[in-house]
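The values are calculated or read from the model by the stated rules, or taken from the named source; none is laboratory data. Since we're looking at a predicted model, the values are computed, not measured. Cβ atoms come from the backbone with ideal geometry, glycine included; neighbour counts cover every protein chain shown. Protein only, heavy atoms only, side chains kept; ligands, DNA and RNA dropped before computing areas. Shrake-Rupley method; radii C 1.70, N 1.55, O 1.52, S 1.80 Å.
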Amino acid sequence: MRSRRLLKQRRHRHWSFIAVTLIAVIGVAGLYVGRTLEPHCTQVEGQGIVNLPLSQLAAGTARTFCYRDRSGEVIRFIVARDSDGTIHSAFDACRSCFEHNLGYKLSGAVMICRFCGLRYPLKDMGSGIASCVPVRLPHLIVPGAVQIKVADLEAGRWLFRNKDN
C-alpha cells in the first residue's frame, strides 16, 4: 500500500514538473516571438514628399507606415488622428528604447512601446512618459492629405540602424 502511494506521488511530481516546464517554455517563446516580430506597416513612396490620404485615418486610429530610402534602409513612422481629429506623427521609435528596434504596438487609440510597455493615448504621442518618448516627425496638413518630407524621414534613419552597422 505504501509503495503504491509513493508511486502515485512520483507520478504526480513527474507530471507537475512536465506541466511547469511546458508553461515556462511557452511563456519564454511567447516573449521572444512578441518582441522580435517586425511591426506591420504599410509601404509608402514619394519623391521629396510622401502623401498620405486623410481618408485612411479615422478619428481615434493610428497607422504604421514604412519608407525605404535610397540606401535600402526601412524607416517606420506612425500617423494618427486622435479622438478630436488632430493629426499627430512620430517615428516608430522612442528616444530611450530605439536601440531594440521594436517600435510601438497600436491598439485602438493607444500606442504601446514594445520594449518597456508604456502606453500613450494618441493625443499624447508627442509628449511621452518618463524617458520613453516617441520621436516627433514633422508633417503638413493639406486638403485631403498628410504630407511628410522625405528629408525628414531620412533624418530619422539613425533610429532604425542595427547595432552591428
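Looking at the stretch 111-124 only, could you name the residues that are within 23 Å of Ala59 (Cβ to Cβ) and touching a residue at least 24 places away in the same chain (Cβ under 8 Å)?
Met111, Pro121, Leu122, Lys123
Matching residues to (1) of a type in the set (S, T, N, Q); (2) within 20 Å of Thr42 (Cα to Cα); (3) without any contact (Cβ under 8 Å) to a residue 24 or more places away in the chain:
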residue	(1), (2), (3)
Val74	no, yes, no
His88	no, yes, no
Cys94	no, yes, no
Asn101	yes, yes, no
Ala109	no, yes, no
Gly126	no, no, no
Gly156	no, yes, no
Arg161	no, yes, no
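I'd like to check which strands (runs of 3 or more DSSP E) are fully inside the stretch 96-165 and have at least 2 residues that are among the hydroxyl-bearing types (Ser, Thr, Tyr).
104-107
Within the set of pairs 6 or more residues apart or between chains, which connect a residue that is modelled with pLDDT under 90 inside the stretch 34-47 to a residue that is open to solvent by 100 Å² or more (accessible area, probe 1.4 Å) with Cβ atoms less than 8 Å apart?
Sorted first by the residue in the stretch 34-47, then by its partner, the pairs are Pro39/Lys105.
Is it the case that Val79 is part of a strand (DSSP E or B), touching a residue at least 24 places away in the same chain (Cβ under 8 Å) and over 16 Å from the mean Cα position of the chain (by Cα)? Break it down into steps so the answer makes sense when it comes.
Details: part of a strand (DSSP E or B): yes; touching a residue at least 24 places away in the same chain (Cβ under 8 Å): yes; over 16 Å from the mean Cα position of the chain (by Cα): no.
Here the answer is no, as Val79 does not meet what is asked.
Just give me the residues in the stretch 100-114 being buried (at least 19 other Cβ atoms within 10 Å of the Cβ) and over 17 Å from Ile87 (Cα atoms), in sequence order.
Asn101, Leu102, Gly103, Tyr104, Cys113, Arg114
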